[in-house]
Amino acid sequence: MTGQALVPLRPGPWLQGAGVLGLLLAWEGASQASQSHFVLAGPSQILERLRLDGGLLLRALLATLRAGALGFALGVAVGLGLALTAVLAPRVERPLTTISLLLFCLPLVATGPVLRVILGPGIGPQVALAALAVVHTTFTTVLVGLRAAPASWFDLVRSYGRTRWAELWQVRLPASVPYLLAALQIAAPAALLGAMVGEFTGAERGLGVLTIQAIRSLDVVGAWTIATVAAASAMAVHGGLGVLGRRLDIIPPPVLLAPPPDPPVRSPAARGLALLGLMGFVLLLWQGLMDALALSPFFAKRPADVWAYLVAGSDAAVHRQTLLVALGETASHALPGALAGLASGAGLAALLVLAPPFAAAVLPLSLALRSIPVVVTAPLIVLGLGRGPAGTIAVVAAMVFFPTLVACLSGLRHASRPILDILDSYDAGRIRRLAIAQLPAMLPALCASARMSIPAAILATTTAEWLATGRGLGSHMAMTAMTSDYAALWSSIVLIGLAALAAHAGIAALERALLARFAPEQLAP
Amino acid sequence: MTRSAPTRRQLLFTAGSLLGSGLLGVRPTHAQGIPVAMQLSWLHSVQFGGSYIALRNGYWAEQGLDVTLLPGGPNAPVAPPLVAGQALLGRGAADYDAAAVAQGAPFRIIGVAMQKNPFCIASLPANPVHEPRDLLGKRLGMALINRPVLDALCALNGIDATAIEIVPTQYDAAPLLQGQADCLLCWATDLPVAMAVQGVDSVVMLMADHGYEIHAQTYIATEDSLAQRRDEIVKLLRGEARGWQDYRKDPAAAAALTVEMFPDLGLDPEAQRIQAERQLPLMFTDVTDAHGFGWFTDESVEANIRTLALLGQEVGPDLWDRSVLEEVHGN
Amino acid sequence: MATDRPPSIEVRDLSKSYGHGPHRIEALVDLNLRVEAGRTTALVGPSGCGKSTLLRLVAGLETPTSGSLRIGDETPEAVRARGDLAVAFQDAALLPWRSVRGNVALGRALAGLQRDRTAVDALIALVGLSGFEERRPAELSGGMRQRVAIARALAGRPRLLLLDEPFGAVDELTRGQLHQDLAPLWQAQGTTTLLVTHSVAEAVRLSDRVVVLTPRPARVAADIAIDLPWPRGTGIGSNRFHAFCDEVSAALRDSGGDQRLAAQ
């Protein structure tokens, strides 16, 4: 029986099929039982809607896919460029990481209108938001890949007296290919989400447009059908990339960890100076961008406007109070949601290792749910769980849960083989295998998930607040945009950015401490 | 379907250009005139039916305008494209317009499409709200950002707002149907229509009938545009007025045109038809009969200023500018 | 096990294959072998002959495709379930987040023995790592890690010790030192020891008996008793030692495995 436990999570296709079928039946049953509640639509209703409105949905899908694909290509190109820059010029890595994280954390509700003005009518905002949703994950993932070669390879290239460029061509790029593929797989659903949200800034067709119509007009079946179509297409791209990888014989990379680089050992004063420099650079970039595009100060606020609103102005104390209360409310949903998502993702991963047949049914489902854009799920989940904290927390947890599950399963599978053999030779049993060898091996993946969960939690919370609950900073930002209070909107963005950076730094420190203990090899340069 | 061909072509063109800045709005295929854009406040729907009629019947083209109707959306505030000069005219509402002006946007309201504000309290016949007093002790589902609207209604009718239990919702009818709320604060032209299409009858208490006077679906322009592109603005509003006169005669045809022009929006023909009917009494009143589409009187401006004060917004009558309307309806 | 005595191992017509259809690999075919109780038996043979597979089968880490494998009068699973066997691989397989003491204590815990810090520290001292109790594996050299792995294996007081190239990853000098220090430990405990190795000298040095296997499918090509006196620390380099080495090498050569062995 140990023999089976050694190769878990590779159940037969029929078992997988049975699992999926069971879930479909459960879904159908639940939808039948809750018909009068306007919450859930079942597979049969969705199929019927697909039959009736297939043409419309297909046109919408194509419109969204087109913008999503353009943004995907653009975002991946930028992410790749950033990663290459960081490898060739390691000094700029930290500023690049910070800026790409900040860009990734920009709330959709805030960027949309600005992009609409900058890019004008057309699919510009859709493309740009899709690209923005992709850059950060591509950058960080590919950067890991560019470093994922053994030190001996670099020594080999250097022993021939070759340059950094040769190193890049001969070692880094080939080593990064599997990671690039993984980055593309992560990017595909994100680009789709970006394109859909872009449509919220004014569009005539697309899945995002249909989502608004469905939710406004109480069309529960429509909302679920769109969710299904969006998830299916994201899964198709994801799966297609997987097939491509297998065709090209690309071995999936072990774990996408990439703990943030150790801060260089410097005096506190020097560190403070570097931080100030980085902040100054970001502010300059902000000011410069607004000025270069000649954006009206009415809606395109500059650093000085935010400073006046939050610090220097006459009502600054009131403003701070309002925004901090809203931020607190948002954090009170984002934090428990992220923790619940991390705990349940890691917990389920552990459970699946204890009971492999479960994995057969759960893994395809988790991929499907991960691919459903949050703009569709948020209103649906809130519809089901109500507008209290529970609904928002569930939305956040769902966003964080699936990537965590996948990463943690991968981490569990990378527990050291010889150690597991030793444990098996004592007949240690699944629970002890898990506790002694597998859970510690999972920790790096859990840390990486926690780091990645920051932008996800921000995105999910503000989106749920904006589209469904009408509370917290997400709703506040939507309201300030409606009432033209752009100083408040930009100040909210700054606060969110600062909160994200603080959370990121906190998790990174925790991660370094954990990795130093449990996976020292992950910290090797 | 005459629309889909050019837009598709434009789409390809846009996809080809790097970030896609080609025009995607709705524009007539034949028009060769001065390009002018109007920013709508929401996704295309029969809410803007008069504009589609004007476009389809060439009311703008014959005046030498090449008009683009820019769709709005949940993340598409009207003010930025106006301030940035991308749109000449925008569709606002007196309260949002006042807020934008307070933030430094140089807007003027030059016309009012909805004489009566569409905000209403919608309830189910079994537990109806016919007048503000009926709200006492009820659970009212509403988006929290509309809190000032409720407070204004209570102040106007002398009822105690604290005696109403507010259920925070976003903008959908589900809480009422699921029994989480007894009534909803919403627009008379959307959620009650959605419920009607689902076969659910509702009782609609229009807040405009109880003192809540806020001009809705206003036409706004910047002072700059009014000074420099006045002629185009007059022509734009003139075509708009003609379109809405046609609309009034046959709202069902306007609904059908909307569905035909925007086949990719998934508009429900039945919902569009009901909405087209229901917005008629809000748009056409004794005032418009006497003075023409979009008109507003000094009295209604005074009433708006009073209601806005209750909403915490101090504005003067110079937010409104009737000169364009006078020109439009003068000849 | 009925008694506390170390068990013998009886292998009859043992076969093991992996995969299916065209991908089927026969790792072992009808192997017959007997390992005596309480002695150290070394298995040498060319790479890929199946000796590691045999070790894994004995450890109960794999199940035979056919044939029988008895340890004493029990199955490997039964022995394993009681914590009566221990293995050590070429990879020390230490838990990187546990100290030396923690890793050795794990061997006791997994074998179902009571916590006993004194016994654990005594073992650490026996393998020559006193003073390193609190260090983590990353801070140790390869030879030191291997000492920890052996200590962990011995910590559970196994009656059957299975060693798969335990010194394969350490340098020649360190290996000699480990031979001298560690072999007496398991001999003192009176375990039955099965040692898989590539090195002829190591086999002769550490065992009472060397079993030479043929290339796949493995058969017993020679069974050579090494009656050098214990302890052997001083006898290495003697003529008799070299004679035994020559005999084992000749057996390997005759079995057709020498070239592959040399290629290692």
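Since every read-out is calculated from the coordinates, none of them should be taken as a lab result. Keep in mind the model is a prediction, meaning the values are calculated, not measured. Backbone-built Cβ (ideal geometry, glycine too); neighbour counts: all protein chains shown.
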Legend entry - Principal-axis tilt of helix B:251-261 within chain B, Cα atoms, nearest 10 degrees: 60 degrees
Inset, instruction - Provide the net charge surrounding residue C:191, with neighbours chosen by a C-beta distance below 10 Å and charges set as Lys +1, Arg +1, Asp -1, Glu -1. - result: +2
Legend entry - Percent of C-alpha pairs per 5 Å bin, segment C:91-157, short to long: 4, 22, 36, 25, 11, 2
Inset, instruction - Normalising by the residue count of segment A:34-253, find the relative contact order in percent from Cα pairs under 8 Å and 6+ residues apart. - result: 30 percent
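Return the calculated 222 nm mean residue ellipticity for chain A, to the nearest 500 deg cm²/dmol, obtained by summing -39500 (n - 2.57) across DSSP H runs with n ≥ 4 and dividing by the residue count. All intermediate terms of the calculation are to be shown ahead of the outcome.
Numbers: 23 runs with 408 residues, N = 525.
Value at 222 nm, helices only, nearest 500: -26000 deg cm²/dmol.
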Inset, instruction - Run the quick spin-label model on residue B:228 and residue C:114: label points 7 Å from Cα toward the beta carbon, then report their separation in nm to one decimal. - result: 9.4 nm
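When the helix-only estimate is applied to chain C (DSSP H runs of n ≥ 4, each -39,500 (n - 2.57), divided by the residue count), what is the mean residue ellipticity at 222 nm, nearest 500 deg cm²/dmol?
Values: 9 runs with 96 residues, N = 264.
Mean residue ellipticity at 222 nm (helix-derived): -11000 deg cm²/dmol.
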Legend entry - Under the Debye formula (equal points on every Cα, no solvent term), log10 I(q)/I(0) of chain B at q = 0.11, 0.15 Å⁻¹: -0.72, -1.31
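With a ≥ b ≥ c taken as the square roots of the eigenvalues of the C-alpha gyration tensor of segment B:119-210, please select rounded if a/c is under 1.5 and otherwise prolate if a/b is larger than b/c or oblate if it is not? Mind dumping the intermediate values first?
Values: a/c = 1.58, a/b = 1.47, b/c = 1.08.
Because a/c hits 1.5 or more and a/b exceeds b/c, segment B:119-210 counts as prolate.
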Inset, instruction - With everything on Cα atoms, drop me the angle between helix B:147-157 and the longest principal axis of chain B, reported from 0 to 90° to the nearest 10. - result: 60 degrees
Inset, instruction - Give the cross-link partners of residue C:51 among the lysines, using a straight C-alpha distance below 28 Å as the criterion and excluding same-chain residues fewer than 8 apart. - result: C:16
Legend entry - Principal-axis tilt of helix C:239-254 within chain C, Cα atoms, nearest 10 degrees: 50 degrees
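Which net charge results when you count Lys and Arg as +1 and Asp and Glu as -1 among the other residues whose beta-carbon is under 12 Å from that of residue B:157?
Details: positive: B:133; negative: B:131, B:134, B:151, B:160, B:209.
My count for the surroundings of residue B:157 gives -4.
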Inset, instruction - Could you tell me, in Å, what Rg and Dmax come out for the Cα atoms of segment A:34-253? - result: 20.6, 74
Legend entry - Column: log10 I(q)/I(0), Debye, Cα scatterers of segment B:83-237, q = 0.11, 0.18, 0.19, 0.21 Å⁻¹: -0.51, -1.01, -1.08, -1.23
Legend entry - Gain in span if fully extended, residue A:160 to residue A:304, counting 0.36 nm per residue against the direct Cα distance: 46.5 nm
Inset, instruction - Could you tell me the distance between the Cα centroids of segment C:117-157 and segment B:125-174, to the nearest Å? - result: 75 Å
Inset, instruction - Calculate the spin-label point distance for residue C:130 paired with residue C:239, positioning each point 7 Å from the Cα along the beta-carbon direction, and give it in nanometres. - result: 4.1 nm
Inset, instruction - Would you calculate the volume per residue, in Å³, of the smallest convex hull containing every Cα atom of segment A:304-525? - result: 136 Å³
Inset, instruction - Compute the whole-percent fraction of alpha carbon pairs in segment B:248-331 spaced more than 22 Å apart. - result: 49 percent
Inset, instruction - Would you give the gap between the C-alpha center of segment B:218-295 and the C-alpha center of segment A:459-504, rounded to a whole Å? - result: 34 Å
Legend entry - chain C, relative contact order [Cα under 8 Å, separation at least 6], %: 26 percent
Inset, instruction - Return the loop-located GluC sites (Glu not before Pro) in segment B:285-331 (DSSP other than H, G, I, E, B) with at most 13 other Cβ atoms within 10 Å of their own Cβ; answer none if there are none. - result: B:314
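Highest mean first, how do A:219-232, C:7-20 rank when packing is the count of other Cβ atoms within 10 Å averaged over residues? Walk me through the numbers before you get to the answer.
Working: A:219-232: 22.9, C:7-20: 16.4.
Going by the mean number of other Cβ atoms within 10 Å, highest first, we get A:219-232, C:7-20.
Only Cα pairs under 8 Å and at least 6 apart count here; give the relative contact order of segment C:91-157 as a rounded whole percent.
Working: 84 pairs, mean separation 34.4, N = 67.
RCO, segment C:91-157: 51 percent.
Helices from chain A with mean Kyte-Doolittle at least -1.0 and a Cα length along the axis of 24 Å or more, per DSSP H: which? Present the calculation step by step, with values, prior to reporting the outcome.
On the way: long enough: A:13-33 (30 Å, 0.67); A:43-88 (54 Å, 1.22); A:124-146 (31 Å, 1.49); A:173-199 (37 Å, 1.38); A:220-247 (40 Å, 1.08); A:268-292 (35 Å, 1.31); A:316-354 (55 Å, 1.18); A:389-413 (35 Å, 1.64); A:439-464 (34 Å, 1.23); A:486-518 (47 Å, 1.41).
Within chain A the helices that satisfy the rule are A:13-33, A:43-88, A:124-146, A:173-199, A:220-247, A:268-292, A:316-354, A:389-413, A:439-464, A:486-518.
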Inset, instruction - Using every pair of alpha-carbon atoms in the protein assembly as shown, split the distances into 10 Å bins beginning at 0 and state the percent of pairs per bin, rounded to integers. - result: 2, 9, 16, 18, 16, 12, 9, 7, 6, 4, 2, 0, 0
Inset, instruction - Starting from the eigenvalues of the Cα gyration tensor, five times each then square-rooted, give me the equivalent ellipsoid semi-axes of chain C, largest first, whole Å. - result: 29, 23, 18
